[in-house]
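Just so it is clear, none of the values below were taken in a lab; they were calculated from the coordinates. Worth saying up front: this structure is predicted, and the values here are computed from it rather than measured. No Cβ is skipped: glycine too gets one built from the backbone with ideal geometry, and neighbour counts run over all protein chains shown.
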C-alpha cells in the first residue's frame, strides 16, 4: 500500500471525526443553554413560592396569591419537562411541600373549593420542613443534580423527606426528657 494513500485516508477519517464532533458540539451547547434556561425559570418560580411560605409564618396567606405561585411552579416544570425530565417530579414534590404547611391555600390551585378551608395555626416545625425542602430543591437544581438524561435524578421526593423528618420528630417526643416535661 502506498504511504501517501494511507496518509490521505487517515486525514479523511480525522476530518470526518472533526466534522462530527463540531456538529455535535453545537447540539451539546444548545442542550446546555436549554437546561440553564429551564433551571433559571423553575428556580425563580420556586423562590417566589418559598417567599410566600416564609411570609405565611407571620401573616395568613392570600389563597389566590398562593394559587398563582403554585401554578407558576407547575407551569414552569411542565414547560421544561422535555429538557429536564425530572421536573415533573419536582413540581409534584414542591406542591406537596407547600401544601404541607399552607394547607387549603395551597390546594386552591388544584380546586377552588379549597379556598376557604381553614389553615392550621403556624407551627414552626412543619413550616421548617416545608422551607428546608424548598431550599433543598433549589440547591439541587442550581447545582445541576437533575441531569438532562433520563434516570439520572438525585432528588428526594417530599414524602420521603417528610417521613424522615417525622421519624426524628416522633423519636424526640418519645424521649425520656420529653416525657418528663409532660
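Okay, here's what the table says:
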| quantity | calculated |
| --- | --- |
| Computed lengthening from residue 79 to residue 10, 0.36 nm per intervening residue step minus Cα-Cα distance | 20.3 nm |
| Cα→Cβ-extended label distance, 7 Å offset, between residue 71 and residue 139, nm | 3.2 |
| Distance-filtered residues of segment 77-101 - backbone nitrogen under 14 Å, label point 7 angstrom along residue 166 Cα→Cβ | 97, 100-101 |
| Residue 44/residue 113 FRET efficiency (R0 22 Å; Cβ-Cβ; nearest 0.05) | 0.15 |
| Sequence of 141, 16, 114 once ranked by neighbouring C-beta atoms within 10 Å, starting from the fewest | 16, 114, 141 |
| Ranked list, fewest to most other Cβ atoms within 10 Å of each Cβ, for 130, 67 | 67, 130 |
| Spacing of the two label points (7 Å from each Cα toward its C-beta) at residue 154 and residue 57, in nm | 2.8 |
